[in-house]
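The values are calculated or read from the model by the stated rules, or taken from the named source; none is laboratory data. Model, not experiment: these values are computed from the prediction. Glycine also receives a Cβ, built like all others from the backbone with ideal geometry; neighbour counts cover every protein chain displayed.
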Amino acid sequence: VDLFARANRPHRRIRFAEDEPMLVVACTPLLWDDAVRAVDYWCSRADADGAGDDDRLGNAERRASAHLHASSTLDGTVVVSGVLDPVGGEVLLNELDRLEHLFYLTDLKSGSGRTGAQRRAAALVEMAARSATAPADGRRPTPLFVAHVGDETLRHLCELARGTVVAPGDLAGWIDDAVIESVLFDGPSTVLSVSQQRSFTGKLRRAIEARDRRCQHPAGCAVPAPKCDIDHITPWSQGGTTSQFNGRVECTSHNRHRNKHDHGATPFREQRVDRLETFRARIRWALLRHHERADPDN
């Protein structure tokens, strides 16, 4: 009820009355995170005809109202609190989570009993220390964040890797600073070369994350892909390849605990992934974009 009430804003009132039965049917079988995402996409589409000026203003206000407070207390400790817009928050969380995980691995070796919150505090200090010692002409690491922007049947997809739905305009201010890495899909599979390496890294890892988006355990786990492992469906020790067709996203709990792991999963169907197929897919993508520009109401 609260989810629908949030979507039923005054400027969408008529559209919501028309689409509410459809939204109820669509959201009933979904997990909470998926239902939130579905309603957010409905809001985005409902606003696409210009009725969403209030929301676009809200997005601008959300960016402008971002703030951070850091103040010393009487005993010398520092209290930090603040609010960031979705994209800025994604940039912060990505680096904070990355450093926290490095500290977690260090703590495993040393036997430290630090909590996750304590490691994140240490990660924030480490971020500040690295910023202060970085050379003035140093190259900024990229990409700072991952945004999934759709095509074909998913042409209206626009969300961050953690599942937060954003408007395309929210990404515009980051284009100059970001390196654009496209992951081209042909149906459900990514058009990439098969890797012979032992582990999923680099572009192959990011492509599988873009395809799966969250933990693929059949229990319906909602852990987002950036916080998960990339798992061999057929284990490497049993002849499984390190490829997009034999890889999937699973959270650390479902991937590493034998009693929770789903051992009977089937790899994706192998497809030809050579330069010719990539060229054909790019031509299909270009033609789709051409027709969409020629018929913007489609």
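Return the pair list, or none, for Cβ contacts closer than 7 Å from residues in the stretch 4-15 that are farther than 14 Å from Cys27 by Cβ to residues that are of a type in the set (Phe, Trp, Tyr), at least 6 apart or on different chains. Pairs found: none. Scanning the stretch 135-168 for residues that are at pLDDT 75 or above and surrounded by fewer than 16 Cβ atoms within 10 Å (Cβ to Cβ) yields a count of 1.
With the condition kept exactly as written, say whether any residue in the stretch 87-106 is part of a loop (DSSP other than H, G, I, E, B), free of Cβ contacts under 8 Å to residues at least 60 places away in the same chain, of a type in the set (D, E, K, R) and farther than 14 Å from Ala161 by Cβ. Before the answer, list the steps.
Start the filter on the stretch 87-106 by keeping residues that are part of a loop (DSSP other than H, G, I, E, B), which leaves none.
No, the stretch 87-106 has no match at all.
Inspect the stretch 75-87 for any residue being surrounded by 14 or more Cβ atoms within 10 Å (Cβ to Cβ) and touching a Phe, Trp or Tyr at 6+ places or on another chain (Cβ under 7 Å) and give the result as yes or no. Within the stretch 75-87 (the criterion being surrounded by 14 or more Cβ atoms within 10 Å (Cβ to Cβ) and touching a Phe, Trp or Tyr at 6+ places or on another chain (Cβ under 7 Å)), the answer is yes, since at least one residue qualifies.
Let's see how each residue does on (1) among the hydrophobic types (A, V, I, L, M, F, W, C); (2) more than 15 Å from Ala161 (Cα to Cα); (3) surrounded by 21 or more Cβ atoms within 10 Å (Cβ to Cβ):
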residue: Arg205; (1), (2), (3): no, no, no
residue: His217; (1), (2), (3): no, yes, yes
residue: Ala222; (1), (2), (3): yes, no, no
residue: Ala225; (1), (2), (3): yes, no, yes
residue: Cys228; (1), (2), (3): yes, no, yes
residue: Thr242; (1), (2), (3): no, yes, no
residue: Arg248; (1), (2), (3): no, yes, yes
residue: Ser253; (1), (2), (3): no, yes, no
